Ligand SMILES: [Zn+2]
């Protein structure tokens, strides 16, 4: 164990390279899933732009899907929570009526967990399966404890750079506390980015299982990834279109997870 690792282990937080990975194993991806994902992309692009739903139809779709995803997501979350970490699985599902972008996110309203999806995203959805997958994906961020892990990583990143800079400036003729503080901000940003892509894939894996358990088709739902770039937004952190891995990889992850479900292979914890 390096001096830094011991330092962070002593503090009870994760370092940048260990202990903050995913809680659950991601499925292994093969050429088969990649080929299918590529084909689905081509099909979705050939379909052209979608006709947006009316606000009333979008509202009905949300109510219909939320009524099925919420009890399933809660049960799924509670089953996994019993095996380990304490998670409040009683999540409110809401429409974010102010957000102008197509997006969805998981957050805490005070201490209460909440999943919100924006009206433009609902209006842009092509099926109940898509909304079910999106809501399931956001449950994945809760179950994977991604917000807590991101905070720990930001702290670890800040401390690492702070310590390095302090050591560097201590050797210099004058010590500048501003330099240390700026480095800590930079480290926090780097730390919180480090695992965001694997968290998205973990959320996709969990979202696939939740959507499937609620009776939806997660593969059809994941067609959201195959839409054209023009439909994207990059707004928000820990949101559906936040800092994300390539969409083909996400779709392949969904396909591989569905194959696991069909083969009765359960979710496996990372050892
Ligand atoms: Zn996400």
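Computed from the coordinates by the stated procedures, all read-outs in this text should not be read as laboratory data. Please read these numbers as outputs of a predicted model, since none were measured by experiment. Cβ atoms come from the backbone with ideal geometry, glycine included; neighbour counts cover every protein chain shown.
Once the Kirkwood radius over Cα pairs is known for region 78-141, the Stokes-Einstein relation at 25 °C and 0.890 mPa s delivers a diffusion coefficient of 194 µm²/s. Rounded to 0.05, the FRET efficiency of the residue 59 and residue 261 pair, given R0 = 22 Å and the Cβ-Cβ distance, is 0.15. Modelled this way, with points 7 Å down the Cα-to-C-beta line, the labels at residue 50 and residue 34 are 2.8 nm from one another. Peptides 137-150, 115-128, 28-41 ranked from most to least packed give 137-150, 115-128, 28-41, packing being the mean of other C-beta atoms within 10 angstrom over each peptide's residues.
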